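What follows is a set of notes on a single structure, which appears directly below.
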Amino acid sequence: MLAPIRHYVQNSSLVPLNVSTCLRDVGTFYYRTVRHCSQERDNHADIIISDHLNIEHVVAFGLTQVPDRTEEPLIICGLFLQRLQRYLPRPTALAPAIFNIVEQPSTLMLKAQCLSDLGLLYGALSQLINQIKAFQAAEALYLTASNHEGVAYCVTMRADMYRCEGRFIQAQRVLENFQRSNSWGYLSGTTKARVWRAKLYYGEDIALVKMHLEELLQSTNNGNLYSRRDALQGLAQVPFYQGRLSEAMDIIQEIIEMFEGKDPQGFLWFTVCKAVVASNQGNYELARDLIHKASEPLEFLALRSARVFLRRSYGSACVELTAGEYDRAEFHFTATIEGSDMQCNLQLKAFSIRGLGEVALPRGNFAVAAQRFAETRSLCTEMGVPPRKLYSCSPFYTLPDRFEGWALYLECRSPFASAI
């Protein structure tokens, strides 16, 4: 019964003006499924995973009917994009329909939300150019609607993408222009924390960034969980950049304690960050124990969210590489690559292939190392990221400086003098 839905919505001649009862009923079923899908893996999520193509066609058809119906198709579109990003990140055919939504007072904010959700999906797929376009379009709509928080969110996301591309001057200019705009005074502490954390990446004076983040942290003492997270994450990155790893670990631990029992994925992500920092300190057993203990209550998430698996797998690879356990590191890097292929995650794939190049070097496999680094360079080109700025979006994913094979390859130094 479900397979013909694609034909109904692709060929309007098959759909009567009042829409067939079958299509209407199935469309209602899919809308309800998308709307009621929870944060956890449930029956609704299973349906989305198995019927995602059918749902996508139903959503696309609904978007063409927006002027004649309610705003529900736009709401469902945004939710469906969120579900795709969470459970099954893949390219979507909805982009043209979203950009072509007629902008009316009743649809302006909903279209902006759909574009933001589309941008996040592009981000999960490491499609930086498309991500920037989506957030730029959403930003313009939020500005028209005088939604200052929405504008700020899009600005910081765009700046982050420019940073990923190595366009640091443009990223900094975007943020500075925004700080001088009328919108700045309307922002919440959460959004301001994101802006100051972003400015840290662009060479802003570290002491100045730290001062502002500490002020924002004080203002969020009685605020929500994510406001404090954003401020603390920036405050953890400051000592990490400066090599004060114990201080970074203490701040990350504060975030972990905040998330424990409240946000399983956030809890895992920051525990993996702490494990990577611990391995940089040479405390490899603690690092392994952190990842193991953090993963135990989240085993059910591994099937629900590939992102959980990828973060844990890549974190384990970094720990084992830093510990000199090259066989284990190779296993985890390879697993991350396989998972990244399934989820179209070019960024973690690039990180992991680079990692395999570093594994090959101490084994004396220079040809293999050169091949891995060449593959990494190609992925950088595909993502639109300058090779020297590969980790600019993910500081806690950076490998220690002593793994210099990637740098030697890019500089055409021995043993890669003739590799490029």
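Of VAL319, VAL209, VAL276, which is the most mobile in a GNM of the chain whose springs link Cα atoms less than 10 angstrom apart?
Among VAL319, VAL209, VAL276, the largest GNM mean-square fluctuation belongs to VAL209.
In whole percent, what relative contact order does the chain give with Cα contacts below 8 Å and a gap of six or more residues?
11 percent.
Over segment 224-359, what is the mean sequence separation of C-alpha contacts under 8 Å (at least six apart), divided by residue count, expressed as relative contact order in percent?
Taking the mean separation of contacting Cα pairs over the length of segment 224-359, I get 16 percent.
Using every Cα-Cα pair within segment 256-391, state what percent have a distance larger than 27 Å.
Working: 1856 of 9180 pairs.
That fraction is 20 percent.
In Å and on Cα atoms, what radius of gyration and Dmax does the chain show?
According to the Cα coordinates of the chain, Rg and Dmax are 22.7, 71 Å.
I'm a student and want to see the number: the projected area of the Cα convex hull of segment 212-289, averaged over all directions, in nm².
5.1 nm²
So what's the net charge close to PRO400: Lys and Arg +1, Asp and Glu -1, counting the other residues with Cβ under 14 Å from its Cβ?
-2
Rounded to the nearest 500 deg cm²/dmol, what is the calculated helix-only ellipticity per residue at 222 nm for the chain, with -39500 (n - 2.57) per DSSP H run of length n ≥ 4?
-22500 deg cm²/dmol
For segment 324-397 and segment 115-182, what is the centre-to-centre distance using only Cα atoms, to the nearest Å?
Here the two parts' Cα centres lie 27 Å apart.
Report the local net charge at MET258: Lys and Arg +1, Asp and Glu -1, summed over other residues whose C-beta lies under 10 Å from its C-beta.
-1
For THR28 and MET211, compute 0.36 nm times the residue count separating them, minus their Cα-Cα distance, and round to one decimal in nm.
Difference between extended and current length: 60.7 nm.
Please build a GNM for the chain, connecting alpha carbons under 10 Å apart, and tell me which residue among SER227, SER126, SER181 fluctuates the most.
SER181
Among ALA138, ALA193, ALA323, which one shows the highest mean-square fluctuation when the chain is modelled as a Gaussian network with alpha-carbon springs under 10 Å?
Answer for the Gaussian network model of the chain: ALA323.
Percent of accessible area on the chain owned by carbon and sulfur, 1.4 Å probe?
After summing per-atom areas, the C and S share lands at 52 percent.
When only alpha-carbon atoms count, how far does segment 31-148 stretch along each of its three principal axes, as whole angstroms with the largest first?
For segment 31-148, the Cα spread along each principal axis is 39, 34, 23 Å.
For GLU325 paired with LYS389, estimate the spin-label separation in nm (one decimal), with each label point 7 Å from Cα along the Cα-to-Cβ line.
Using points 7 Å along Cα→Cβ, the separation is 3.6 nm.
Just subtract the alpha-carbon distance of ARG244 and TRP184 from 0.36 nm times their residue separation and send over the number in nm, one decimal.
18.4 nm
In the full protein assembly as shown, how much of ARG402 is accessible to a 1.4 Å probe, in Å² to the nearest 10?
ARG402 exposes around 140 Å² with every protein chain in place.
Could you tell me which of VAL308, GLY243, MET157 has its Cα farthest along the dipole of the chain towards the positive end, charges placed at Cβ (Lys, Arg +1; Asp, Glu -1), taken about the Cα centre?
Of the listed residues, the answer is MET157.
Mind counting lysine pairs for me in the chain? Cα separation below 15 Å, and the two need to be 8 or more apart along the chain or on different chains.
Taking the Cα cut-off of 15 Å, the pair count is 4.
The values are calculated or read from the model by the stated rules, or taken from the named source; none is laboratory data. As the structure is a prediction and not an experimental result, all values here were calculated from the model. Because the Cβ atoms are built from the backbone with ideal geometry, glycine has one as well, and the counts that use them run over all protein chains shown. Note: areas computed on protein heavy atoms with side chains; ligands, DNA, RNA excluded. Shrake-Rupley method; radii C 1.70, N 1.55, O 1.52, S 1.80 Å.
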